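These notes concern the structure reproduced below.
The values are calculated or read from the model by the stated rules, or taken from the named source; none is laboratory data. Predicted model, so just to flag it, every value in this text is computed and none were measured. All Cβ positions, glycine included, derive from the backbone under ideal geometry; neighbour counts span all protein chains shown.
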Amino acid sequence: MSGLTVSGLSHAYGPRKALDDVGFAVAPGRFCALLGPNGAGKSTLFALMTRLLVAGEGHIEIAGFDLSREPRKALARLGIVFQQTTLDLDLTVRQNLRYFAALHGLSGQDADRATDAALDRLDMTARADEKARALNGGHRRRTEIARALLHAPSVLLLDEPTVGLDAAARRAITDHVHDLAEEGITVLWATHLTDEVRPDDRLVILHRGRVIADGQAREIAGEAGLSDRFLHLTRAEA
Amino acid sequence: MKPYLTSLRAIVLREALRFVHQRERFIAALVRPLVWLLVFAAGFRAALGISIIPPYETYITYETYIVPGLCGMILLFNGMQSSLSLVYDREMGSMKLLLTSPLPRWWLLFSKLAGSTVISILQVYAFLIIAAFFGVQAPPLGYVTVLPALIVAGLMLGALGLLLSSFVRQLENFAGVMNFVIFPMFFLSSALYPLWKMAESSELLYTISLLNPFTHAVELVRFALYLEWNIAALGWTLLATGVFTALALWGYDPARSGGARRGV
């Protein structure tokens, strides 16, 4: 019920087809990695799932709500971390979160409570009153994840959230989001880095706008290991 | 209703905070009309005789004539500038944040429009106060009656900016739009010279100026500042607001944005 389902999704920019009949389903509380080389269509898929674009064909269901029929209910259950930072750098961490809370209709004590809980969850309480500009890349990302969880969504989408981070921050954030899935949040994690995928994760490989593998990461990887397998798959298709 | 008001307040407040953070923008917004008022008008007053035209009841100085036009200029620049911030926002991603909120998109865009209008109006009042110091004064009550006119005119120009931002993809394109929108709108209007003057030199330019919604926004402000109604100007300005807003909402409709707006 509270998972994420994409079915028959196609989208074209003029004559160029960016997504071609993409379909997969993520069960509630699962961590699903969406792996694909640059230009595979991940960003288009994210734009469609967040309703920044509307698909030509197909359906997206978030926590049981069809995005095209009940967009507001679906968006209310969706947490999003965009690839590029969307923090207002002149505002403090807390102000950024409060602004987001207001966009979700939370005010007063409700907003305070949600903000404090989100900060606490990502260990950002100590930095709550620092300006976003003063934070390093890892902490900015954490702030964005905290913000994405503020309205207690059941589905969390992250679009290459570790881009530009150092190894330690990358690991910390990857681990943390895996923990979130264990707490019951459905996670879709887009990446082009195979080392962010764990053997037990659900894995969807996207290439040239199509799903070319879908299953458990361990099984897809096989003997060769995920990195080689991924290279092989995307090269074979090329 | 509460979530709507909460988001409106937050968006207006954020717009105001951004403005406060950009001190240069505030100063530029004030200096620009003041230069026109104190330098340009001083040079021009000799060249341009103004006859008695409504809403004025006596002969007026050129400075007095252009003050409403310069109020319009502030609203025009600010409307465009906040849409410049929309283009910038969209590139920087915070527009994404706004557009993925579960509130209806028209409401979010309206909130943004309200935010930019509030800031425009504060600037207009700052300008009017300085102008009064330099001796260009309107009737005291005029400073109150001008407020609704400023709101309507501000919303109209903000909506125009919003409309442009929905069709402009990059900042570079935007510079072109500024040149092709701001200058023609400003010069082909009654902001700097009464339109009958324009009619003397070119019937065509006169007609264009008469159709220019900015002319009506300026006239609306001019009449309101002198405690008079200009129903025709109000009607035209409201009509333009409606059209620009409708087109802007259409421009921001996610279903329409297919091929044209990859970046979003």
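A few notes on this one:
- Selected residue [closer than 20 Å to residue A:41 by Cβ and in contact with a Gly (Cβ under 7 Å, 6 or more places away or on another chain)] from A:188, A:206: A:206
- Residue check, residue A:149 aliphatic (A, V, I, L, M) and within 13 Å of chain B (Cβ to nearest Cβ): no
- Hits in region B:98-152 - residues which are within 30 Å of residue A:69 (Cβ to Cβ) and in a helix (DSSP H, G or I): B:98, B:99, B:105, B:106, B:107, B:108, B:109, B:110, B:111, B:112, B:113, B:114
- Candidates in region B:166-222 are the residues that are among the basic types (Lys, Arg) and in a helix (DSSP H, G or I); of these, the one that is modelled with the lowest pLDDT is B:197.
- For residue A:55, the criteria (1) away from chain B (no Cβ under 14 Å); (2) modelled with pLDDT under 90 hold in every case but one, which is (1).
- Search result, residues across region B:111-134 that are without any contact (Cβ under 8 Å) to a residue 60 or more places away in the chain and either more than 15 Å from the chain's Cα centre (by Cα) or buried (at least 22 other Cβ atoms within 10 Å of the Cβ) (or both): B:117, B:120, B:124, B:129, B:132, B:133
- Boolean, residue A:78 is closer than 15 Å to residue A:157 by Cβ and within 9 Å of chain B (Cβ to nearest Cβ): yes
- Scanning region A:90-112 for residues that are surrounded by fewer than 19 Cβ atoms within 10 Å (Cβ to Cβ), within 9 Å of chain B (Cβ to nearest Cβ) and not small (Gly, Ala, Ser) yields one hit, A:90.
- Here the condition is being surrounded by 17 or more Cβ atoms within 10 Å (Cβ to Cβ) and aromatic (Phe, Trp, Tyr); of B:196, B:236, it holds for B:236 alone.
- Restricting B:223, B:180 to those that are within 29 Å of residue B:52 (Cα to Cα) and within 18 Å of the chain's Cα centre (by Cα) reduces the list to B:223.
- Answer from A:173, A:205, A:145 - the residue that is under 21 Å from residue A:19 (Cα atoms), β-branched (Val, Ile, Thr) and in contact (Cβ under 8 Å) with a residue 12 or more places away in the chain: A:205
- Residue match in region A:126-133 (condition: of a type outside the set (Ser, Thr, Tyr), surrounded by 21 or more Cβ atoms within 10 Å (Cβ to Cβ), more than 14 Å from every other protein chain (Cβ to nearest Cβ) and in a loop (DSSP other than H, G, I, E, B)): no
- Hits in region A:64-75 (condition: within 8 Å of chain B (Cβ to nearest Cβ) and touching a Ser or Thr at 6+ places or on another chain (Cβ under 8 Å)): A:75
- Any hit, region B:15-27, residues being within 29 Å of residue B:192 (Cα to Cα), more than 14 Å from chain A (Cβ to nearest Cβ), in contact (Cβ under 8 Å) with a residue 12 or more places away in the chain and outside any helix (DSSP H, G or I): no
- Positions within region A:189-238 being of a type in the set (A, V, I, L, M, F, W, C), under 13 Å from residue A:31 (Cα atoms) and part of a helix (DSSP H, G or I), in sequence order: A:217
- Meets criteria (surrounded by 15 or more Cβ atoms within 10 Å (Cβ to Cβ), within 14 Å of chain A (Cβ to nearest Cβ) and at pLDDT 85 or above) for residue B:100: yes
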